[in-house]
Amino acid sequence: MSVRKYVSTGLGGAMLAGLVATPVAAREVVPFADGAMPGSVVISVSQRRLYLVNGDGTAIRYPVAVGKPGKQWFGTKAIDGKYVQPAWSPPSEVKRDNPRLPNLIAGGSPHNPMGAAAMTLSGGEYAIHGTNRPSSVGTWASYGCIRMYNQDVVDLYDRVSVGTPVYVTR
């Protein structure tokens, strides 16, 4: 994952919502007793779900795509950047597997796999982001990033801040 960090981050939720064509109610409030701090993000790789912890025994649950077998990772990170329609440069591993990819895909392009928004994770390798392939959500599809429906990544983008802890579990 390589997000071009010169992309504007000043859009609020109302403007971001305009970037998503058709809202779909993929997210839902569910019981959640994991013990994580309110406001934190918990990603269950085996369930292919992301949970935003509410702190009242519930969480907002979103379907996600996770890393393919051999590309999965587990641990604790934090959101270290938030970007609207980020440009994307394929990491060397992705470029090696797909040499015909361009070196840069502009933000907002229908060919850009980052979708409507991205939240980069500490360590610089991964992000939680939208997608230009909504059919991949709910599968093991990525090189380690967490893909969301664009309408869901816009919703999450508005609810979290830089510094939000992210726990990736089996």
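A few remarks follow.
- Qualifying residue in the range 32-51 (condition: surrounded by 14 or more Cβ atoms within 10 Å (Cβ to Cβ) and either in contact with a helix residue (DSSP H, G or I) (Cβ under 7 Å, 6 or more places away or on another chain) or of a type in the set (Asp, Glu) (or both)): no
- Condition met for Ile60 (buried (at least 17 other Cβ atoms within 10 Å of the Cβ), modelled with pLDDT of 95 or more and closer than 18 Å to Ser122 by Cβ): no
- The listed residue being modelled with pLDDT under 95, surrounded by fewer than 19 Cβ atoms within 10 Å (Cβ to Cβ) and closer than 17 Å to Cys145 by Cβ, out of Lys5, Lys68: Lys5
- Scanning the range 81-125 for residues that are acidic (Asp, Glu) and free of Cβ contacts under 8 Å to residues at least 24 places away in the same chain returns a single hit, Asp97.
- Residue in the range 55-65 that is among the small types (Gly, Ala, Ser), farther than 25 Å from Asp34 by Cα, in contact with a strand residue (DSSP E or B) (Cβ under 9 Å, 6 or more places away or on another chain) and touching a residue at least 12 places away in the same chain (Cβ under 8 Å) present: no
- Positions within the range 117-170 being farther than 13 Å from Ile43 by Cβ, touching a helix residue (DSSP H, G or I) at 6+ places or on another chain (Cβ under 7 Å) and of a type in the set (A, V, I, L, M), in sequence order: Ala117, Val154
- Hits in the range 21-31 - residues which are touching a helix residue (DSSP H, G or I) at 6+ places or on another chain (Cβ under 6 Å) and at pLDDT 50 or above: Ala26, Arg27
- Only residues that are under 11 Å from the mean Cα position of the chain (by Cα) and of a type outside the set (A, V, I, L, M, F, W, C) were counted across the range 156-170, and they come to 1.
- Residue within the range 132-148 that is surrounded by 14 or more Cβ atoms within 10 Å (Cβ to Cβ), touching a Leu at 6+ places or on another chain (Cβ under 6 Å), modelled with pLDDT of 95 or more and within 20 Å of Arg61 (Cα to Cα) present: no
- Selection status of Asn103, polar (S, T, N, Q), loosely packed, with under 15 Cβ neighbours inside 10 Å and either more than 16 Å from the chain's Cα centre (by Cα) or outside any strand (DSSP E or B) (or both): yes
- Qualifying position, being touching a Lys or Arg at 6+ places or on another chain (Cβ under 9 Å) and among the small types (Gly, Ala, Ser), among Ser92, Ser122, Ser109: Ser122
- For the range 126-159, a residue qualifies if it is among the β-branched types (Val, Ile, Thr), closer than 13 Å to Val64 by Cβ and in contact (Cβ under 8 Å) with a residue 40 or more places away in the chain, and the qualifying residues are Ile128, Thr131, Val137, Thr139, Ile146.
The values are calculated or read from the model by the stated rules, or taken from the named source; none is laboratory data. Values in this document were obtained by computation on a predicted structure and should not be read as measured data. Quick reminder, even Gly has a Cβ in these numbers, built from the backbone with ideal geometry, and neighbours come from all protein chains shown.
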